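Presented below is the structure to which this report refers.
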Amino acid sequence: MDFHQDPAIEEFRNMVRCVIAEELPAEMAERQKAHGGTNSVVADTLAWTGKMNARGWSVPHWPVEHGGTGWSAMQNYVFMAECSSAFAPEVCWGATHMCGPVIYTFGSEELKERFLPDFREGKYYICQGFSEPSNGSDLARLRTRAERKGDKYVVNGQKIWTSCAHESEWGFFLVRTNPDVKPQAGISFLMIKMDTPGVTVRQIPMINGDAELCEVFLDNVEVPAENLIGEEGMGWTYAKFLLDHERTTSSFIFQNKREFARAQRLALRETIDGTPIAHTAQFQQRMARIEAELTALEWSVLRELANEDFKYDRTAAASTLKVAGSQLQQTISELQMDILGSKATRFYPYPQKDREDAGPLWPDDLGGRTAQALIARASTIYGGTLQVQKGIIAKLAFGL
Ligand SMILES: Cc1cc2nc3c(=O)[nH]c(=O)nc-3n(C[C@H](O)[C@H](O)[C@H](O)COP(=O)(O)OP(=O)(O)OC[C@H]3O[C@@H](n4cnc5c(N)ncnc54)[C@H](O)[C@@H]3O)c2cc1C
């Protein structure tokens, strides 16, 4: 298996690279770079999705009949890698990688027509209302209640850690429609418009100076029954499908490669006693170890894409990628901080917030490193915590 030397893939990569260079406005890439390169400005996310949609590329991985490109898994991988290394804004994962696939797989024709074109166009942002206070890892015990009353559901409860809820027009929510059956069987998947009376969103200040995580309170929120995706009581099945869909993206492979390259550049520029850090034995050892881990991670992702027969269960393989990728993200951001030393703290919080009195722009590579290192702490929490992933691996791969 040697994907890198496939001339057709390299030709495809060059084509994608040229298109991105043509389409991506420099100031958008700048903002993405300064923002840490992972969490985008919502307006940029939507604008970029719109630009890609004009080329038919906003949801390349979707089935062709729903607007996908028909590219192979490898082509999709290359496309995402190129977008990431060019600092293109992230897409709205909730729409393109989570809710969209659930709707085109399980939703009615009416729901497909209503939502899929908007998701492709990047018409608005949508958020994921799953976690609740006390029910994060233990999601099946969620308590937000949706009672059917005629042609609507009346929803009461609270969600938490809902990313970008304050900037979202819609949210996809897991709600309990039947409290009298086993926990997994009583859950449904409901679309809720965020400006519906009774929905209150409260932002949570974060250590990196941002406030994109939110609490969402739902008080007697009346939701039309037609907003139910698929069948009532099947929400748990759809949620598992959705989480499986994140399989390869949860490895953070693109960000990890890009940020390791940034660390290499920083290490060549920053010095200790006049010697570039990159030339010191201690850093060379550290970087070599990370590079080996990064290469192993990339090949594991590529094996997954190539659908190679794994010795282990595929869900366990996905959890392994998540564990390795999220820990590597933290290791690489810590490496960047160590290379920069006290210079890293100068850019806290995100540079755009204190730019007015900061004088000229700093070198490209320095922006937002502390903020990024702080948010990287969360990568072993969201999408399933490190400990829970390890539990899954122990059970499914080793039968423990
Ligand atoms: C940046 C960020 C963005 C997020 N975005 C969203 C979002 O958009 N939508 C959404 O719904 N949620 C979101 N989340 C929430 C996230 O999914 C939960 O935080 C996560 O699932 C953990 O749940 P919890 O916070 O309730 O922690 P808990 O489940 O209470 O876990 C607390 C600790 O106990 C450990 N633990 C729990 N159960 C087990 C077990 N069975 N075995 C071993 N250890 C265990 C955990 O590993 C953890 O260390 C986000 C979280 C973060 C940090």
Spatially proximal lysines relative to Lys343 (Cα-Cα < 23 Å; intrachain offsets below 8 disregarded): Lys33, Lys257, Lys353
Counting only protein heavy atoms, what percent of the accessible surface of the chain is carbon or sulfur at a 1.4 Å probe? 52
Can you tell which of Ser168, Ser250, Ser342 shows the greatest fluctuation in a Gaussian network model of the chain with Cα springs below 10 Å? Ser342
Over region 126-233, what is the mean sequence separation of C-alpha contacts under 8 Å (at least six apart), divided by residue count, expressed as relative contact order in percent? 31
Can you work out ³J(HN,Hα) from phi for every residue in region 130-147, in order, using Karplus 6.51 cos²θ - 1.76 cosθ + 1.60 and θ = phi - 60°, giving whole Hz and x for Gly and Pro? 9, 5, 10, x, 6, 9, x, 5, 8, 4, 4, 8, 4, 10, 4, 9, 10, 9
Cut-off under 5 Å, modelled amide H: who pairs with Thr271 long-range: Ile277
Accessible surface, per residue, of the chain when the full set of protein chains is kept, probe 1.4 Å, Å²: 46
Please give the solvent-accessible surface of Ile393 in Å², to the nearest 10, using a probe radius of 1.4 Å with every protein chain present. 30
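For the chain, what proportion of DSSP beta bridges, expressed in % and rounded to the nearest 5, is antiparallel?
Working: 30 of 35 bridges.
Approximately 85 percent, going by the DSSP bridge assignments.
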Between Thr69, Thr370, Thr345, which gets the highest mean-square fluctuation from a Gaussian network model of the chain, Cα cutoff 10 Å? Thr345
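Where does region 126-233 land on Rg(C-alpha)/(2.2 N^0.38 Å)? Write out the running numbers ahead of the final one.
Numbers: Rg = 13.4 Å, N = 108, 2.2 N^0.38 = 13.0 Å.
Rg over 2.2 N^0.38 Å, computed on Cα atoms: 1.03.
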What does the net charge come to around Arg141 if you take all other residues with beta carbon closer than 10 Å to its beta carbon, with K and R at +1 and D and E at -1? 0
Once label points are set 7 Å from the Cα along Cα→Cβ at both Glu231 and Gln284, what is their separation, rounded to one decimal in nm? 6.3
Cross-chain or 8 or more residues apart, Cα under 25 Å: how many lysine pairs in region 123-228 fit that? Count them up, please. 9
Find which of Leu111, Asn76, Phe217 sits farthest along the positive direction of the dipole of the chain, computed with +1 on the beta-carbon of Lys and Arg, -1 on that of Asp and Glu, about the Cα centre. Phe217
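What's the extension gain from Arg265 to Gln184 if we count 0.36 nm per residue and subtract their Cα-Cα distance?
Values: separation 81, 0.36 × 81 = 29.16 nm, distance 4.86 nm.
Using 0.36 nm per residue and subtracting the Cα-Cα distance, I get 24.3 nm.
Distances over 41 Å make up what percent of all Cα-Cα pairs in the chain? Walk me through the intermediate numbers first.
On the way: 11601 of 79800 pairs.
The proportion of pairs with Cα distances above 41 Å equals 15 percent.
What ranking do 13-20, 187-194 get when scored by the average of other Cβ atoms within 10 Å per residue, highest first? Walk me through the numbers on the way to the answer.
Details: 13-20: 15.8, 187-194: 23.4.
My ranking of the peptides, most packed first, is 187-194, 13-20.
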In a Gaussian network model over the chain where Cα atoms closer than 10 Å are linked, find which of Gly122, Gly383, Gly171 has the largest mean-square fluctuation. Gly383
Which residues in region 62-94 place their backbone N less than 20 Å from a point set 7 Å from the Cα of Asn14 along the Cα-to-Cβ direction? 72, 74-83, 85-86
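The values are calculated or read from the model by the stated rules, or taken from the named source; none is laboratory data. The structure displayed is predicted, hence computed values, not measured ones. No Cβ is skipped: glycine too gets one built from the backbone with ideal geometry, and neighbour counts run over all protein chains shown. Side chains included, ligands, DNA and RNA excluded: accessible areas come from the protein's heavy atoms. Shrake-Rupley method; radii C 1.70, N 1.55, O 1.52, S 1.80 Å.
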